[in-house]
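Student: Below you'll find the structure I mean.
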Amino acid sequence: MRKTLSTFYDRVEFPVLLAGIIVAGGLWGFVELMEVARDAAPHSFDTQILLAFREAGDPSNPIGSPRFEGAVRDITALGSAVVLTLITAATIIYFLLIRRWTTALFVLAAVGGGQILSALLKFGIDRPRPDLVSKLAVETSLSFPSGHAMLSAVTYLTLGTLAARFLPGHVTKIYVFVLAVLLTLMVGVSRLYLGVHWPSDVLAGWCAGFAWAMLCWLAARFMPRGKNGEGELS
């Protein structure tokens, strides 16, 4: 038995297995949340979580001071299409300048593909924005899934896992990955605070974004490395 497990571990490394589990779990979670989004009436956990970000008995008044509200607006901007596009473009230009053509193409395909996927998923379910609480930001697109949550996961996790290939030591790799996850979670929670998404929208965005980012990580892992064996894609 031990020999069998050892052989399996040699063939499939634990990080690869974990990434596969995340992909499968993300897809399963997204499908389940689609059923929630299709219901005519919002689920109780959707309404309870949204109301938790408002003063008791006053859904028009968010918790926290005006300064805190401004900070949340700044955080949610980290998941906007404009900011993510600028970050991605700057990353691609950097790799082009250092002649890492394959890496630049990979970033474009991973992040750009995630943005296209997010747009397509939006049309899958015609779910309106929540009207349970006052909205602290103006949004005109469909609600499911949260584009901010999904695209922040796609961009930050893809770039984070890619950067980890260049970094020495496990501590720095873990730090970059944790930072990417933290940014993704903060952006998603900010959408709930602003009242522009149901919690199930944000969860679905995270599920789809994490799954796509891990697929991109798997692709990057099996791409050829540099001449010195370092983490290079070109």
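The values are calculated or read from the model by the stated rules, or taken from the named source; none is laboratory data. Treat the numbers as computed from the prediction; the structure is a model and nothing was measured. Here the Cβ positions follow ideal geometry from the backbone for every residue, glycine too, while neighbour counts run over all protein chains shown. Heavy atoms of the whole protein, side chains included, go into the accessibility calculation; ligands, DNA and RNA do not. Shrake-Rupley method; radii C 1.70, N 1.55, O 1.52, S 1.80 Å.
Student: If you check Trp212 against the conditions, is it modelled with pLDDT of 80 or more and either closer than 15 Å to Ser118 by Cβ or open to solvent by less than 50 Å² (accessible area, probe 1.4 Å) (or both)?
Tutor: Answer is yes for this residue.
Student: Taking region 161-179 on its own, how many of its residues are of a type in the set (Val, Ile, Thr) and open to solvent by less than 40 Å² (accessible area, probe 1.4 Å)?
Tutor: Qualifying residue count for the region: 2.
Student: Among Ala19, Ala41, Ala71, which is over 16 Å from Asp201 (Cα atoms) and without any contact (Cβ under 8 Å) to a residue 12 or more places away in the chain?
Tutor: Exactly one residue qualifies, and that residue is Ala71.
Student: Is it true that Ala19 is under 25 Å from the mean Cα position of the chain (by Cα), at pLDDT 85 or above, open to solvent by less than 90 Å² (accessible area, probe 1.4 Å) and not basic (Lys, Arg)?
Tutor: Considered against the rule, which asks whether it is under 25 Å from the mean Cα position of the chain (by Cα), at pLDDT 85 or above, open to solvent by less than 90 Å² (accessible area, probe 1.4 Å) and not basic (Lys, Arg), Ala19 comes out as no.
Student: Related question: Scan region 78-97 residue by residue and report those that are open to solvent by less than 40 Å² (accessible area, probe 1.4 Å) and within 20 Å of His197 (Cα to Cα).
Tutor: Within region 78-97, Gly79, Ser80, Leu84 qualify.
Student: Can you find even one residue in region 133-144 that is more than 16 Å from Ala213 (Cα to Cα), in contact with a helix residue (DSSP H, G or I) (Cβ under 8 Å, 6 or more places away or on another chain) and modelled with pLDDT of 85 or more?
Tutor: Yes, region 133-144 contains at least one residue that is more than 16 Å from Ala213 (Cα to Cα), in contact with a helix residue (DSSP H, G or I) (Cβ under 8 Å, 6 or more places away or on another chain) and modelled with pLDDT of 85 or more.
Student: Let me ask something else about it. Of these, Val178, Val138, which one is aliphatic (A, V, I, L, M), assigned to a helix (DSSP H, G or I) and farther than 15 Å from Ile75 by Cβ? Break it down stepwise before answering.
Tutor: Values: Val138 fails: assigned to a helix (DSSP H, G or I).
Going through Val178, Val138 in turn, the sole match is Val178.
Student: Pick out the one residue from Ala110, Ala37 that is at pLDDT 85 or above and under 23 Å from the mean Cα position of the chain (by Cα).
Tutor: Details: Ala37 fails: at pLDDT 85 or above.
After applying the criteria, what remains is Ala110.
Student: Something else now. Buried (at least 22 other Cβ atoms within 10 Å of the Cβ), farther than 21 Å from Ile116 by Cα and under 16 Å from the mean Cα position of the chain (by Cα): is that true of Leu182 in this structure?
Tutor: Spelling it out, it is not the case that Leu182 is buried (at least 22 other Cβ atoms within 10 Å of the Cβ), farther than 21 Å from Ile116 by Cα and under 16 Å from the mean Cα position of the chain (by Cα).
Yes/no matrix, rows are residues, columns are (1) over 26 Å from Arg67 (Cβ atoms); (2) crowded, with 21+ Cβ neighbours inside 10 Å; (3) among the aromatic types (Phe, Trp, Tyr); (4) in contact with a His (Cβ under 7 Å, 6 or more places away or on another chain):
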| position | (1), (2), (3), (4) |
| --- | --- |
| Ile116 | yes, no, no, no |
| Ala119 | yes, no, no, no |
| Gly124 | yes, no, no, no |
| Ser134 | no, no, no, no |
| His197 | no, yes, no, no |
